[in-house]
1. So, in the stretch 51-76, exactly how many residues are more than 17 Å from LEU393 (Cβ to Cβ) and crowded, with 21+ Cβ neighbours inside 10 Å?
2. Checking the conditions here, which among THR175, THR160, THR138 is of a type in the set (Val, Ile, Thr), within 30 Å of ASP388 (Cβ to Cβ), away from the ligand (no atom under 16 Å from the Cβ) and not in a helix (DSSP H, G or I)?
3. Looking at ARG361, ARG352, which one is of a type in the set (D, E, K, R), touching a Leu at 6+ places or on another chain (Cβ under 7 Å) and at negative phi?
4. Kindly indicate the residue of the stretch 269-290 that is more than 20 Å from ALA218 (Cβ to Cβ) and not in a helix (DSSP H, G or I) and also nearest to the ligand (Cβ to nearest atom) among those meeting that condition.
5. Given the condition away from the ligand (no atom under 16 Å from the Cβ), touching a residue at least 60 places away in the same chain (Cβ under 8 Å) and over 18 Å from LEU401 (Cβ atoms), answer yes or no: does some residue in the stretch 28-44 qualify?
6. Hey, can you tell me all the residues within the stretch 181-228 that are within 29 Å of THR107 (Cβ to Cβ), in a loop (DSSP other than H, G, I, E, B) and of a type outside the set (Ser, Thr, Tyr)?
7. Which residue is farthest from the ligand (Cβ to nearest atom), if the candidates are limited to the stretch 247-265 and must be of a type in the set (A, V, I, L, M) and buried (at least 24 other Cβ atoms within 10 Å of the Cβ)?
8. Any residue in the stretch 266-279 that is touching a residue at least 60 places away in the same chain (Cβ under 8 Å) and surrounded by 15 or more Cβ atoms within 10 Å (Cβ to Cβ)?
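The values are calculated or read from the model by the stated rules, or taken from the named source; none is laboratory data. Only a predicted model underlies this, so the values are computations on that prediction, with no experimental measurement involved. Quick reminder, even Gly has a Cβ in these numbers, built from the backbone with ideal geometry, and neighbours come from all protein chains shown.
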Amino acid sequence: MAPAALRVDTLITNAYIVLDVATEGPEAQQEALESGREIDGGWIALDAGRVHSAGAGSVQPPAAERVIDAGGRLVTPGLVNTHHHMYQNLTRAFAPAINGSLFQWLTTLYPRWSALDEESTYLSTYVACAELLLSGCTTSSDHMYVHPKPNLIDAQIKATTEIGFRFMANRGSMTRSVEDGGLPPKEVVQDEETILTDSERLISTFHDATPGAMTRVALAPCSMFSVSESIMRKTAELAEKHDVRLHTHLAEDKDEDTYALEVYGRRPVEYFEDVGWATPRSWVAHYVYGNEEENRRLAAAGVTSTQCPSSNMILAGDTADAQALRAMGMSVGLGCDGSASSDSANLWMETRGAMLLARYRNGPSAMSARGALSMATRGSAANLGWADEIGHLRPGACADLVIWESAPLSQAGALTDPVEGWLRSGPASGWCVMVAGKSLVDSGQLQLDALDDVLPRHARAAAQMQGIA
Ligand SMILES: [Zn+2]
């Protein structure tokens, strides 16, 4: 008897498929096509939430329950966001704060954020994930460090689970309020015991270390301005004990050098190393002001970093030289940063921003579209310690992918390289966005039943937080 014909869940045909971004130079497309990492006019088969197989048009694909004709569109791995503060979309483009420095901006907004509760956290997370999905993002972390009330991360995970979005919650923390020489008001900081107990509770309740997990938990003291040295050390020990990742802001602002020398008697990176964070478990946001020797030490230690191009530019700070860090062996991923600093959660835009920044800084050969796509996929997956399963579409990877919107107008004339055309000319949005093989964006439309209910509730919560009647 012949074996039953193989039948997979989903087959996407007639696509230009980027399975993995490994080469970035001028010959990258040719090399990728020859090696099979990119397929022109090919198909990709998905089954049980995983990439099953992929092939050229001349190769017979498996039979499928559902066939999607991509109409020649570009397919890439889903983009991965590794630094965000989703709750900040409740104070997006808040007029009293928009023209201040980073510290002025923070001190204007902290009192507003002290009104955060479970309802507003749930709503802001829901909105952030919907926005990210449309921009081709299929996995996000979120650095949630303001805890005026308990169980806010539980509310976040409720939203991401309802949506079916792959999520790494970052249990952020702050211990030092203004009274203790920190920046935040006392309403949003917590004592060490509360932070550590809640961290353990969240890990035991939500962290799923198994392959294909939809929810993981990382530990993430906010920054040296707002947490004690002791909570940095104890958090690193807790992460080691439970084998979870560590995240914080590092070397984001020039003032941090002066502050660290005054308060801790060391430079920020020396402090970071002394408190036990220079390990492959750590990824850091921004990382702009390390000196060359410090960059080499952190790269050698396996620390990775996240660049947030829009946030760097809108806050008018400096930006990391991502290419130089990568050349030293440090993996660099991408993030959109908090919605109240970059005011937008669009990973396509951050990918384009990374390409523009690198070229603006280091010249036209500094970064190609593939280089930036590599940061948004491979680099970001490495930030989250998840590079085995996400950030690429090799068989066995999680079925997290984007069929990008076709853009006959903005791409008119872009004929030679679909990846360069995608990032230079648009589109900015997904036509079909899948997480674990499930279409959360279909024909350019979000498939989220609750969104129509969530948006007006979010508007009310935002108005209340901003003091608008
Ligand atoms: Zn941040």
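1. 0
2. THR138
3. On the way: ARG361 fails: touching a Leu at 6+ places or on another chain (Cβ under 7 Å).
ARG352 is the lone residue from the list that is of a type in the set (D, E, K, R), touching a Leu at 6+ places or on another chain (Cβ under 7 Å) and at negative phi.
4. Within the stretch 269-290, the match that is nearest to the ligand (Cβ to nearest atom) is VAL288.
5. yes
6. Residues satisfying the conditions are GLY181, GLY182, LEU183, PRO184, PRO185, VAL189, GLN190, ASP191, CYS222, MET224, PHE225, VAL227.
7. Keep residues of the stretch 247-265 that are of a type in the set (A, V, I, L, M), which gives 250-251, 260-261, 263.
In the following step, the residues that additionally are buried (at least 24 other Cβ atoms within 10 Å of the Cβ) were identified as 250-251.
Numbers: LEU250: 11, ALA251: 13 Å.
Among residues in the stretch 247-265 that are of a type in the set (A, V, I, L, M) and buried (at least 24 other Cβ atoms within 10 Å of the Cβ), the one farthest from the ligand (Cβ to nearest atom) is ALA251.
8. If we filter the stretch 266-279 for residues that are touching a residue at least 60 places away in the same chain (Cβ under 8 Å), which is where we start, we get none.
Within the stretch 266-279 (the criterion being touching a residue at least 60 places away in the same chain (Cβ under 8 Å) and surrounded by 15 or more Cβ atoms within 10 Å (Cβ to Cβ)), the answer is no, since none of the residues qualifies.
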